[in-house]
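Chemist: My structure is below; once you've seen it, I'll send some questions.
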């Protein structure tokens, strides 16, 4: 017989077989749980999971056979080998989660019985928790909850596959269960003590994320500007700064090497660990602002100029930059404040720093060097800067998301030939010219701008707001911000990238499904803002509800709460919840028992059969039980069979839609009278049996 020919599934015990509908619910849950990880799982792994699950379904339909032990082992070893080749020795939480997905896919090949269903049920529940390591947004949380609901429906179908209306009733039962437990879950979430973990797992995988990096080539930021992914959101305690003042500093690049700007130093080694995501508690003061940053797997944080740290999960370092103590591998919230005190200007630059910020390659871009020498003639440092910005403003330089390819001596080409570029091009060229003129300068990379969220409650900064500008050292003034983009395309700094490239039509031209691309459509803009507001509040108050946030909330309650009081309160909530649940269950059982008069009568009959020496067997029909009772006690044969027919008539007779509903009181009374008759018949039969036994015993004495 061919392997792919239709075949009979392997023989199994009927009671332990896996119903097709239950398997289908299990597979639907698996597909739903894979969706949050589609963006990080390799394509080959997704295809393998689909193939293995499809193989199992075809086997359920009898179209193919499931592999035997040796074939399963071979498939497992082959896929593990492929996995090891693909990860190339990079073993992180990310690759471990991918391996876990592979093992779930392999499990389909040995899911044959109800026992295997339970095993896979718990594995998929664990997969739902793994999803939260990578995605904590509210829509993905709902996807995970939906997948768990499908698992629970499948569990009900497994245990009652032929129950009429079982799926509808199952959804109703799940809804009732959720309604019952939701208040307790909310109370425990709010009051259960949020203690610091005893250990932490770094999620940094080395896989690139969307965002700025610690190097800058001329085309890097223009490519990033075609992404509408969120970089961070900001809530201000006071009024938002003007658009032109929203410069979010992140990195300083000070070394030019083969056309690439880099940091001159390297980040020191940091032991693995999770960054504290619980920064910023209490009411925002007028000068403070909260930043909720998306994961970057990097240590740098973004801040406005002249800010100070308020939360302790960020540290201010040299050059007005902020850093986390560990890479931000998950959404992190931190709080800063604008420093409005008079600025203390450093009047001189140390010789070592001067050399650092004057570094240039020994050769290259001769025309740019000549331009710097020309600007330097009879000009002070401020005069050189003003003359260069005037050149950008007056000559036909063009700001574009479609810059030409940079050749050798690319700065010369930009300044004198093409005259077309993006912010990174102009920032790099400006720094080169200023350094050639003997003015210390550096490239600053971060974001500029941001759009208001729903109701102007907060600011959303996206990847297309990525920006590069220049800071130059001016004696007596210190570091001064110089933005050539502001001279070439003022509307980029005043209102954003969309307006700056409106004539070119290149804004998000490769993201046709992005809501931000259609931001000029009022309905789409409104819907996008409302969805983002929901997600933002979820991130701040649910995902970000950690130890400091909890203690801040508890401190506002009358009397104040500490960890000890929270422990007592949590124990009390659990105890009261269990007590209420027990009382409700007891009342429901009593009410159900009162409603099910037939069930109570049937229970009395079962007891009668037990006392008569006829134990009730699991799954036995009323007629079969009556036959065994009649064989054991002939005196009640007719009554027992009549009682069984009445039970069958009640539970199994077809219901007519046109017939009026009956409450069954007369039937219950007849069944009770019949039970009383059987009890009398059994007592009479037992009495006759004892009398006959005494008579036989007396006859035996006389015969002796």
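Chemist: Among all residue pairs at least 6 apart or on different chains, which show Cβ distances below 8 Å where the first residue, located in the stretch 408-430, is surrounded by fewer than 22 Cβ atoms within 10 Å (Cβ to Cβ) and the second is assigned to a strand (DSSP E or B)?
Modeler: 419/398; 420/398
Chemist: A follow-up question, please. Quick one: what pairs do we get from the stretch 157-179, first residue closer than 21 Å to residue 581 by Cα and outside the structural domain of residue 118 (by TED's automatic domain parsing), second modelled with pLDDT of 80 or more and assigned to a loop (DSSP other than H, G, I, E, B), C-beta under 8 Å, 6+ apart or different chains?
Modeler: none
Chemist: Does the stretch 269-283 include one or more residues that are at pLDDT 80 or above and either under 27 Å from residue 357 (Cβ atoms) or touching a strand residue (DSSP E or B) at 6+ places or on another chain (Cβ under 8 Å) (or both)? Break it down into steps so the answer makes sense when it comes.
Modeler: Here is the first cut: in the stretch 269-283, the residues at pLDDT 80 or above are 283.
Narrowing the set further to residues that are either under 27 Å from residue 357 (Cβ atoms) or touching a strand residue (DSSP E or B) at 6+ places or on another chain (Cβ under 8 Å) (or both) leaves none.
No, the conditions are met nowhere in the stretch 269-283.
Chemist: Can you name the strands (runs of 3 or more DSSP E) wholly within the stretch 399-491 that have at least 1 residues being in contact with a strand residue (DSSP E or B) (Cβ under 6 Å, 6 or more places away or on another chain) and under 18 Å from residue 227 (Cβ atoms)?
Modeler: The strands (runs of 3 or more DSSP E) meeting that bar are 441-448, 459-462, 466-474.
Chemist: Criterion first (on the phi > 0 side of the Ramachandran plot, modelled with pLDDT of 80 or more and in contact with a helix residue (DSSP H, G or I) (Cβ under 7 Å, 6 or more places away or on another chain)) does residue 608 satisfy it?
Modeler: no
Chemist: It is to be established whether one or more residues within the stretch 346-355 are under 21 Å from residue 247 (Cβ atoms) and outside any helix (DSSP H, G or I).
Modeler: Keep residues of the stretch 346-355 that are under 21 Å from residue 247 (Cβ atoms), which gives 346.
Remaining after also requiring outside any helix (DSSP H, G or I): 346.
Yes, there is a match, as at least one residue in the stretch 346-355 is under 21 Å from residue 247 (Cβ atoms) and outside any helix (DSSP H, G or I).
Chemist: Which is within 30 Å of residue 417 (Cβ to Cβ) and either surrounded by 15 or more Cβ atoms within 10 Å (Cβ to Cβ) or out of contact with any helix residue (DSSP H, G or I) (no Cβ under 6 Å at 6 or more places or on another chain) (or both), of 328, 372, 337, 318?
Modeler: Exactly one residue qualifies, and that residue is 372.
Chemist: Evaluate the following for residue 504: is it at pLDDT 90 or above, in contact with a strand residue (DSSP E or B) (Cβ under 9 Å, 6 or more places away or on another chain), over 30 Å from residue 372 (Cα atoms) and surrounded by fewer than 17 Cβ atoms within 10 Å (Cβ to Cβ)?
Modeler: no
Chemist: Which ones in the stretch 52-74 are farther than 12 Å from residue 108 by Cα and in a helix (DSSP H, G or I)?
Modeler: Matches in the stretch 52-74: 69, 70, 71, 73, 74.
The values are calculated or read from the model by the stated rules, or taken from the named source; none is laboratory data. No experiment lies behind these values; they were computed from the predicted model shown. All Cβ positions, glycine included, derive from the backbone under ideal geometry; neighbour counts span all protein chains shown.
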